[in-house]
Amino acid sequence: MKNSIFNNLEIAFASKSNRDLSFSAFIFKLMGRPIIVKISTFAALLAVRFHLPITSLIKSTIFKQFCGGESQEDSEKVINALGQSNIKSILDYSVEGENKESHFEDTTQEILRVIALGKVNKNIPAACVKITGIGSFEILEMANSGEPLFKRNKIEFEAIKSRLNRLCMAAQENDVPIYIDAEESWIQNTIDSMVMDMMLKFNKKKAYVFNTLQLYRWDRLDLFKAWLSKTTSNKVLLGVKIVRGAYIEKENNRAKVNNYKSPIQPNKKATDQDYNSALAFALNNIEHIELCAGTHNEESSELLTQLMKDREIPKNHPHIYFSQLYGMSDQISFNLADLGYNVSKYVPYGPVKSTLPYLIRRAEENTSIAGQIGKELRLIQEEKKRRKQLP
Ligand SMILES: Cc1cc2nc3c(=O)[nH]c(=O)nc-3n(C[C@H](O)[C@H](O)[C@H](O)COP(=O)(O)OP(=O)(O)OC[C@H]3O[C@@H](n4cnc5c(N)ncnc54)[C@H](O)[C@@H]3O)c2cc1C
């Protein structure tokens with residue numbers, strides 16, 4: 001981008017040593033090769049399945065690039081380093097793919113600990129949760145499809161709602177909001193309805209509960225407007241994280257196989273248009289909405305700064321956060337924070353083995369976000385070159 005506020009690479013990589021830059025360049029180079037990503041994904045899954053000692057290799061490579069650590073304590077170094085550049089951390093307990101009630105309860109406890117930590121650590125402004133981390137995907141899918149639940153399923157469904165309620169209540173009591181992720185469309189109605197109930201209950205003075213809108217869906221802009229009518233008529237604040245959406249291939253494939261109209265926009269341009277319209281809609285109603293713009297897209301991030309300027313909204317308005325994932329798009333996060341905007345990074349953490357699905361998604365993003373990895377690599381190489389030319 002010409003004359004972009006994100007072009008200042010000195011600020012973007014100020015916290016990175018030459019060694020850190022070379023390490024990140026190495027990781028992004030590997031990830032830029034689909035064949036290497038395919039082989040290593042397969043090898044990693046196999047190794048975990050057969051308990052081969054591969055953990056330390058993953059930990060010292062891709063895990064180091066994209067995760068804060070194996071525990072909250074282990075992530076402290078990353079949280080402090082980001083904090084020094086005025087970037088807040090949203091600790092994301094990334095343990096996926098487990099399907100036991102005891103696991104859902106453990107995850108709930110873990111997130112309650114993040115909320116408690118947020119109460120005493122100013123670098124942690126919010127917590128986050130994936131509903132499928134605290135409840136069974138199958139139960140959510142059944143509830144979403146409208147089919148009647150058997151008694152045992154009903155009990156499990158009520159347990160999910162009760163865990164979510166505990167998290168939202170803790171968010172309010174500790175003054176640490178909670179962001180709820182958006183997931184696959186065939187469980188999302190259920191999530192939306194559960195989260196709206198929580199917003200109506202807890203968002204009276206401030207948005208303690210945030211839902212997520214995926215603008216790669218063609219029906220979400222209308223839904224955003226419907227949510228706002230509902231929250232304002234109930235005199236509560238609407239907390240919303242706005243993203244494009246992470247499950248595009250899965251969504252399109254399922255729609256094709258089952259012969260229904262895909263919920264995904266016809267093309268990237270339509271997604272971009274709706275994303276940017278959602279930002280404008282949020283800002284036009286900023287007294288009723290608390291917003292987190294979760295994106296690595298420079299145009300959208302810069303547009304949001306412009307929309308704020310046009311409306312004379314201060315850079316550090318408490319209702320507006322920009323957010324990126326740890327290990328990615330530092331040129332956006334560090335430059336915005338340097339200019340005085342509110343910025344956070346999602347910092348995933350958890351045992352190396354359990355974060356594999358998250359890490360594989362990051363690696364595979366190569367195929368779904370054209371050019372993102374190439375862009376990360378190019379920026380790092382430019383910064384290395386700039387440093388070499390310094391007197
Ligand atoms: C802080 C944060 C939180 C997030 N939380 C969530 C979450 O809760 N749920 C979730 O699903 N994702 C989440 N994401 C991921 C996010 O949805 C995107 O996958 C990712 O950020 C890439 O989109 P982008 O806005 O950075 O921009 P870009 O890189 O400009 O856009 C890429 C995105 O555009 C869309 N797209 C690409 N091609 C097409 C096409 N042909 N037609 C239509 N759309 C297309 C896809 O959504 C793709 O991911 C989060 C991301 C961040 C940074």
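Contact order for the stretch 68-349, expressed relative to its length and based on alpha carbon pairs under 8 Å spaced 6+ residues apart, stands at 19 percent. Less than 5 angstrom separates the built amide H of residue 241 from those of 211, 212, 213, 292, all sequence-distant by 5 or more or on a different chain. Applying 1/(1 + (r/R0)^6) with r as the Cβ-Cβ distance of residue 268 and residue 18 and R0 = 30 angstrom yields a FRET efficiency of 0.25. Dimensions of the stretch 237-381 from C-alpha coordinates, computed as largest minus smallest value along each principal axis and given longest first, are 47, 38, 29 Å.
Over the stretch 179-282, Cα pairs under 8 Å with separation of 6+ residues give a relative contact order of 30 percent.
Spin-label model, residue 56/residue 145: points 7 Å from Cα along the beta carbon direction are separated by 4.7 nm. Sorting 240, 120, 209 by the number of Cβ atoms found within 10 Å of their own Cβ, with the fewest placed first, yields 120, 240, 209.
Panel order for 61, 355, 295, by other beta carbons found within 10 Å of each beta carbon, from fewest to most: 61, 295, 355. Taking label points 7 Å from Cα along the Cα-to-Cβ direction, residue 258 and residue 339 give a separation of 4.2 nm. Ranked for footprinting exposure by Cβ neighbours inside 10 Å, fewest first, 362, 33, 19 give 19, 33, 362. Pairs with C-alpha atoms separated by more than 27 Å, drawn from the list 261/309; 64/88; 269/353, are 261/309; 269/353. Geometric descriptor of the chain, per residue, is 149 Å³ (volume of the convex hull of the Cα atoms). What separates the Cα centres of the stretch 130-206 and the stretch 327-360 is a distance of 25 Å.
Using the Cβ-Cβ distance between residue 98 and residue 43 with R0 set to 25 Å, the FRET efficiency from 1/(1 + (r/R0)^6) comes to roughly 0.70. Placing R0 at 30 angstrom, the Cβ-Cβ distance between residue 30 and residue 312 gives a FRET efficiency of 0.05 after rounding to 0.05. Close amide-amide hydrogen proximity is noted between residue 88 and 343, 344, 345, each under 5 Å apart and 5 or more residues distant or on a separate chain (H modeled in the peptide plane; Pro and chain starts excluded). Mean Kyte-Doolittle hydropathy of -0.5 or higher plus an axial Cα length of 27 Å or more: which whole DSSP H helices in the chain meet both? Qualifying helices, which must be both long enough and hydrophobic enough, are 101-120. Using the Cα gyration tensor of the stretch 133-269, with a ≥ b ≥ c the square roots of its eigenvalues, what is the shape: rounded (a/c below 1.5), prolate (a/b larger than b/c) or oblate (neither)? Oblate is the answer for the stretch 133-269, as a/c is 1.5 or above yet b/c matches or exceeds a/b.
Cross-link reach is defined here as a Cα-Cα straight distance under 30 Å, omitting same-chain residues fewer than 8 places apart; for residue 151 the lysines meeting it are 100, 130, 161, 201. Measuring against 22 Å, Cα to Cα, the residue pairs 206/315; 122/225; 225/345; 204/241 contain 122/225; 225/345 as the ones spanning a longer distance.
Every read-out reported here was derived from the displayed coordinates using simple, explicitly stated rules and does not represent laboratory data. Source: prediction; values computed, not measured. Counting neighbours? That spans all protein chains shown, and the Cβs are built from the backbone with ideal geometry, glycine included.
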